[in-house]
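Just below is one structure, and these are the notes that go with it.
The values are calculated or read from the model by the stated rules, or taken from the named source; none is laboratory data. Please read all numbers here as calculations on a predicted model, not as lab measurements. Here the Cβ is made from the backbone with ideal geometry for all residues, glycine too, and neighbour counts use every protein chain on show.
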């Protein structure tokens, strides 16, 4: 017995070229946009420090602060380098980096030779670096739920989509390249 939702879906398919189901199948079913997850967690970390306080505290002398700042800025720089290389790879191939859009070809060049998720690796490095530079342990602690959300809400749906779309080619790629680093 057809439900009203089934009838609505059939009506939508009549008016969309290729059908809504086909279009939905040719993309990853991600639940969130990764940059927004990282941005929200940094903002929550800033708010938590304002409310609860806290410092990273690498020592009472200036050496601890110097190490924290140099490490933080190095991570931020590395994150932006990874991010720019990620974007360049997408531009070169004419693909959209938005995980909600179809993937016409499997990317295996550039940073994708070393990591299946360079964008999330770069965003994680930036957030970790910001936590260090701002002397804010909350920003760093927020990486725990962020990585869980990215893993379950973005990476796993992306990988399931790529496996359906590219089959053995993606399986071979997964055996050669790690998920993060």
For segment 131-154 the number of residues that are buried (at least 21 other Cβ atoms within 10 Å of the Cβ) and assigned to a helix (DSSP H, G or I) is 7
May I ask you to verify whether residue 89 is within 16 Å of residue 116 (Cα to Cα) and in a helix (DSSP H, G or I)? yes
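Rundown of residues vs (1) within 21 Å of the chain's Cα centre (by Cα); (2) assigned to a helix (DSSP H, G or I); (3) farther than 26 Å from residue 149 by Cα, yes/no style:
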| position | (1), (2), (3) |
| --- | --- |
| 37 | yes, yes, no |
| 46 | yes, yes, no |
| 51 | no, yes, no |
| 64 | no, yes, yes |
| 67 | no, yes, yes |
| 70 | no, yes, yes |
| 76 | yes, yes, no |
| 79 | yes, yes, no |
| 83 | yes, yes, no |
Let me confirm something: among 107, 111, 130, which residue is touching a helix residue (DSSP H, G or I) at 6+ places or on another chain (Cβ under 9 Å) and touching a residue at least 60 places away in the same chain (Cβ under 8 Å)? 130
Quick one: in segment 3-31, of everything that is surrounded by 14 or more Cβ atoms within 10 Å (Cβ to Cβ) and under 19 Å from residue 149 (Cα atoms), which residue is modelled with the lowest pLDDT? 27
Flagged in segment 60-86 as over 23 Å from residue 117 (Cα atoms) and surrounded by 12 or more Cβ atoms within 10 Å (Cβ to Cβ), in numbering order, are 64, 65, 66, 67, 68, 69, 70
